[in-house]
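Reviewing the structure listed below.
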Amino acid sequence: MTRLSVNLNKIALIRNSRGSNLPDLFQVAQDCERFGAQGITVHPRPDERHCKFSDLQPLKNSITSELNIEGYPDDHFMAQVIKVKPHQCTLVPDDPKQITSDHGWDTLKHADLLKERIAELKNNDIRVSIFIDPDRELIEGAAKAGADRIEFYTGPYAKEYPKNPEHAIHEIRETCIYAIAAGLGINAGHDLNLANLEYLKNNLARLDEVSIGHALICDALYYGLENTIRLYLNKLQ
Ligand code: PXP
């Protein structure tokens, strides 16, 4: 089974644009669960332009499914995540000014940082996933650093998929088998949508979770949130 974790960054972004509580992030999170989502993801960035660090605890209190917090593991992020204790923390190598995540970790270059931060999170009973490009050596580095899972960065897959689906999936499919053999769970995310999700799911030997935000919230403008979540869940069956 592949779980759908809905990334609510864009809901927080709309809310922040007016300084009020509309849309209500916590209500939307509960509604996503009610409509069938098996998890909620947020990515508090240093500038808090989407989700704020102060959203994390009320968000965790509002939901009954899994909370996944993504972000760069600086000291502030680590302290906040350890305080809130989400089910999963996904470490992302983002620069503070980045518009969105556009690459995975160099798990060889940053082996010491990752090892230390992963151990800290795991000591607090938080499952750790590492955002990564589909590369054997980097996946081996993730396993050596102690990660529980990897999250494949699917931006390049999504870009290539309309032109050549087989070419788009090749590296992820092959390295997925390698990651499973290394004992890692498999997540995926970025630019996944109703057109490319089913092919990803059907071509991977294992896919524990996808986290989807931008396209899902855009689709919800047309289909409504409930229908949209059902459409995404259907693609994962
Ligand atoms: N995974 C990571 C690590 C991300 O940074 C993001 C975007 O916040 C996503 C998944 C979701 O990507 P998208 O919004 O394109 O669905």
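Just so you know, all these numbers are worked out from the coordinates, no wet-lab data involved. Just so it is clear, the structure is predicted and the values come from calculations on it, not from any experiment. We place every Cβ from the backbone using ideal geometry, glycine too, and count neighbours over all the protein chains shown.
Pull up the cross-link candidates among the lysines for residue 85, meaning alpha carbon to alpha carbon under 28 Å and not fewer than 8 places away within one chain.
Result set, ordered by chain and number: 10, 52, 60, 97, 109, 115, 122, 144.
State whether region 50-135 is rounded, prolate or oblate according to the following rule on the C-alpha gyration tensor (a ≥ b ≥ c being the square roots of its eigenvalues): a/c under 1.5 gives rounded; otherwise a/b larger than b/c gives prolate, and the remaining case gives oblate. Before the final figure, lay out each step's value.
Numbers: a/c = 1.82, a/b = 1.41, b/c = 1.29.
Cα axes put region 50-135 in the prolate bin.
Would you be so kind as to identify which of 218, 236, 153 lies farthest towards the positive end of the dipole of region 115-237, taking Lys and Arg as +1 and Asp and Glu as -1 on Cβ and the Cα centre as origin?
Final value for the positive-end residue is 236.
Please get the size of the charge dipole for the chain, origin at its Cα centre, with Cβ charges of +1 on Lys and Arg and -1 on Asp and Glu, quoted in debye to the nearest 20. Walk me through the numbers before you get to the answer.
Details: 27 positive and 34 negative charges, 107 e Å.
For this selection, approximately 520 debye.
Pop the C-beta distance of residue 61 and residue 120 into the FRET formula with R0 = 30 Å and round what comes out to the nearest 0.05. Kindly include the intermediate steps, with their values, before the conclusion.
On the way: r = 23 Å, r/R0 = 0.77.
Calculated value: 0.85.
Please list, in order along region 203-213, the HN-Hα scalar couplings obtained from phi with the Karplus expression 6.51 cos²θ - 1.76 cosθ + 1.60 (θ = phi - 60°), rounded to whole Hz, x for Gly and Pro.
9, 9, 5, 7, 8, 6, 7, 10, 10, 9, x
How much length would be gained if the chain were fully extended between residue 194 and residue 113, taking 0.36 nm per residue of separation minus their Cα-Cα distance, in nm to one decimal? Could you put the intermediate results ahead of the total?
Values: separation 81, 0.36 × 81 = 29.16 nm, distance 3.57 nm.
Using 0.36 nm per residue and subtracting the Cα-Cα distance, I get 25.6 nm.
Full extension from residue 137 to residue 174: what is 0.36 nm times the residue separation minus their Cα-Cα distance, to one decimal in nm?
Gain in length upon complete extension: 12.0 nm.
So what are the ³J(HN,Hα) numbers for region 13-28, from phi and the Karplus equation (6.51, -1.76, 1.60; θ = phi - 60°), rounded to whole Hz, Gly and Pro as x?
Each residue of region 13-28 in turn: 4, 5, 4, 5, 5, 10, x, 10, 10, 10, x, 7, 4, 6, 5, 4 Hz.
In percent, what relative contact order does region 2-83 have, based on Cα pairs under 8 Å that are 6 or more apart in sequence? Please report the intermediate quantities before stating the final value.
Details: 105 pairs, mean separation 26.8, N = 82.
Computed value for region 2-83: 33 percent relative contact order.
Determine the relative contact order of the chain: mean sequence separation of Cα pairs under 8 Å and six or more apart, normalised by residue count, in whole percent. Intermediate results must be reported in sequence, preceding the final value.
Numbers: 437 pairs, mean separation 47.1, N = 237.
Once normalised by length, the contact order is 20 percent.
Take the alpha carbon gyration tensor of region 1-73, find the square roots of its eigenvalues, order them as a ≥ b ≥ c, and report rounded if a/c is under 1.5; if not, report prolate when a/b exceeds b/c, else oblate. Numbers along the way, then the final one.
Values: a/c = 1.92, a/b = 1.33, b/c = 1.44.
The shape class here is oblate.
Charges at C-beta only: +1 for Lys and Arg, -1 for Asp and Glu. How large is the resulting dipole of region 6-113 about its Cα centre, in Debye rounded to 20?
Numbers: 12 positive and 15 negative charges, 77 e Å.
Magnitude of the dipole: close to 380 debye.
With unit charges on the beta carbons (Lys and Arg positive, Asp and Glu negative) and the dipole taken about the Cα centre of the chain, which residue among 43, 131, 25 sits farthest to the positive side?
25
Could you please state, rounded to a whole Å, how far the C-alpha centre of region 154-201 is from the C-alpha centre of region 223-237?
Rounded to whole Å, the Cα centres lie 20 Å apart.
If you plug each phi of region 127-143 into the Karplus form 6.51 cos²θ - 1.76 cosθ + 1.60 with θ = phi - 60°, what whole-Hz ³J(HN,Hα) values come out, in order, with x for Gly and Pro?
5, 10, 10, 10, 6, 8, 7, x, 9, 4, 4, 5, 5, 4, x, 5, 5
By average Cβ neighbour count within 10 Å, what is the ranking of 205-212, 9-16 from highest down? Kindly include the intermediate steps, with their values, before the conclusion.
On the way: 205-212: 21.0, 9-16: 18.6.
Packing proxy ranking, top to bottom: 205-212, 9-16.
To check my understanding: the extent here is largest minus smallest coordinate of the Cα atoms along each principal axis. What are those three numbers for region 85-136, in Å, largest first?
28, 24, 19
So who's got an amide H within less than 5 Å of the one on residue 7, skipping anything under 5 residues away but keeping other chains? H placed 1.01 Å off N, in plane.
Sorted by chain and number, the residues that satisfy this are 41, 212, 213.
Tell me whether the chain comes out rounded, prolate or oblate; compute the Cα gyration tensor, take square roots of the eigenvalues as a ≥ b ≥ c, and use a/c under 1.5 as the rounded threshold. All intermediate terms of the calculation are to be shown ahead of the outcome.
Numbers: a/c = 1.65, a/b = 1.10, b/c = 1.50.
Since a/c reaches 1.5 but b/c is at least a/b, the shape of the chain is classed as oblate.
Tell me the Kirkwood hydrodynamic radius of region 132-224 in angstroms, computed as one over the mean inverse distance between distinct C-alpha pairs.
13.5 Å
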